[in-house]
Amino acid sequence: MYFKNKNKLDVKYDDLISELQDVVVKKYSQHGVRLIKKNISDVSIELSFNIGDNELIAMNVNKESQY
């Protein structure tokens with residue numbers, strides 16, 4: 001949700017993480033993809049997915065923007 005008076009986007013990070021994980025697992029489920037890393041801090045979210053021993057996707061999401 002975007003608040004005009006605050007100029008800030010209200011993001012539900014738990015929902016975002018769940019949705020990202022669902023999309024990746026559905027897309028690559030036939031290859032045995034799995035989430036191997038999920039780091040959540042005050043400023044960022046880091047997710048990494050592997051197929052076997054090979055890294056498939058690594059993503060970082062910054063929680064706060066300078067703008």
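A few notes on this one:
Conditions (1) polar (S, T, N, Q); (2) out of contact with any Phe, Trp or Tyr (no Cβ under 8 Å at 6 or more places or on another chain); (3) in a strand (DSSP E or B); (4) surrounded by 10 or more Cβ atoms within 10 Å (Cβ to Cβ), marked per residue:
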site	(1), (2), (3), (4)
20	no, yes, no, yes
23	no, yes, no, yes
27	no, yes, no, yes
35	no, no, yes, yes
39	yes, yes, yes, yes
42	no, yes, no, no
47	no, yes, yes, yes
50	yes, yes, yes, yes
56	no, no, yes, yes
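- Within the set 51, 57, 40, 36, the sole residue that is β-branched (Val, Ile, Thr) and either at positive phi or in contact with a Gly (Cβ under 8 Å, 6 or more places away or on another chain) (or both) turns out to be 51.
- Residue within the stretch 3-17 that is modelled with pLDDT of 90 or more and of a type in the set (S, T, N, Q) present: no
- Filter pass, residue 11 being assigned to a loop (DSSP other than H, G, I, E, B) and of a type in the set (A, V, I, L, M): yes
The values are calculated or read from the model by the stated rules, or taken from the named source; none is laboratory data. In this text the structure is predicted, and so the values were computed from the model without any measurement. A quick note on method: Cβ atoms are made from the backbone with ideal geometry, for glycine too, and the neighbour counts reach across all protein chains shown.
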